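Read through the structure below, which is laid out as structure tokens, and then see the notes.
The values are calculated or read from the model by the stated rules, or taken from the named source; none is laboratory data. The shown structure was predicted, so the numbers you read here are calculated from the model rather than taken from an experiment. Cβ coordinates were reconstructed from backbone atoms using ideal geometry, including for glycine residues, and neighbour counts include every protein chain displayed. Surface areas here come from the heavy atoms of the whole protein model, side chains and all, with no ligands, DNA or RNA. Shrake-Rupley method; radii C 1.70, N 1.55, O 1.52, S 1.80 Å.
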Amino acid sequence: MIYADYVNTAKFIEEKLGRAEVAIVLGSGLGGYEEGLENAKSLAYSEIPNFPVSTVKGHSGKLVSGELFGKRVIMMCGRFHAYEGYELDKVTFPVRVFKLLGVQTLILTNAAGGVNTSYNPGTIMLINDYINFTGKNPLIGANIEEFGPRFPDMSNALDAELREVVKASAKRLKIDIQEGVYCWFNGPTYETPAEVRLARMLGGDAVGMSTVPEIIVGKHAGMKVIGISTITNFAAGLSKGEINHEEVMEVGRRVKADFVRLMDEIVKNI
Ligand code: HPA
């Protein structure tokens, strides 16, 4: 991908959907939030030049943009994962396009396994930091200076000010949320119990297969980034049963009502 690819795609999207100030990536089981957008317009990923096409069940694969509480918001219904075989420049392509569309705030959501044993399935966890267990990084390769520096600082990758907004929003709504460190694994296998013990020992609270590439690329481009996980299951080895995608989706759906209220409150207050 070169800079001109991002510019061309941004132009295409701007003509059809307009610009935006907030972008929200809806993860597994959290689809449907886009229905709250006013004056919504949408584009299927398959119509957008340079966009990959998402292959996971429960990810519908479209961009929807409109107004939410007076703000111009664009949402990704379905994201791209490294385990689907996409290079990370494809996985993160939309994030850089959002930057060119004017987006200043990037809100990333996902489903994750709980590593912290006090985070029961159904817990909403605000990501306050991450650990990259994949050995990959979306910024490997020639740096595109138009987006950001060669060696970006990650000490405030999940924006501290916005995290306070999330916590205050949850408090106002009396929704209990937790905070923690999200550990990125490649997938598509769920982690082994030994990997989960390792993640815990090193300070992780949740494990998952997404989000970190988008955090890195968003922060690199100077956006304010926040991430919110729905803990859908105890990570491997922490409970008796096996982990399966249907359970992940089911718990995601169960939490959705609170999640939607929380997201609304966040969008109002950023
Ligand atoms: N591991 C990785 N990704 C996940 C999990 C998990 O346990 N649950 C939901 N997404």
Farthest towards the positive end of the dipole of the range 179-254, among Gly241, Ser229, Thr192 and with Cβ unit charges of +1 on Lys and Arg and -1 on Asp and Glu, lies the Cα of Ser229
Per the rule of 0.36 nm per residue minus the C-alpha distance, extending Lys71 to Arg261 adds in nm 66.8 nm
Under a Gaussian network model of the chain whose springs join Cα atoms within less than 10 Å, the largest fluctuation of Ala168, Ala257, Ala142 belongs to Ala142
Residue separation between Asn269 and Val7 times 0.36 nm, minus their alpha-carbon distance, gives in nm 91.3 nm
Compactness summary of the chain: radius of gyration and Dmax from Cα atoms, Å, are 17.3, 52
The percentage of the accessible area of the range 157-251 (probe 1.4 Å, all protein chains present) made up of carbon and sulfur atoms, to the nearest whole number, is 54
For the chain, the charge dipole (Cβ of Lys, Arg +1; Cβ of Asp, Glu -1; about the Cα centre) points to a positive end, and the Cα of Asn128, Pro138, Gly203 closest to that extreme belongs to Asn128
Counting all Cα-Cα pairs in the range 94-242, those more than 26 Å apart amount in percent to 27
Taking a ≥ b ≥ c as the square roots of the eigenvalues of the Cα gyration tensor, with a/c under 1.5 meaning rounded and otherwise prolate when a/b exceeds b/c and oblate if not, the range 201-250 is prolate
What helix-only [θ] at 222 nm does the chain give? Using -39500 (n - 2.57) per DSSP H run of at least 4, over all residues, to the nearest 500, the answer is -9500 deg cm²/dmol
Among GluC sites (Glu not before Pro) in the range 110-179, those in a DSSP loop whose Cβ has at most 14 other Cβ atoms within 10 Å are Glu145, Glu146
Expressed per residue, the solvent accessible area of the range 6-142 in Å² (1.4 Å probe) is about 37
Among Gln104, Leu162, Gly180, the residue whose Cα sits farthest towards the positive end of the charge dipole of the chain (+1 at Cβ of Lys and Arg, -1 at Cβ of Asp and Glu, taken about the Cα centre) is Leu162
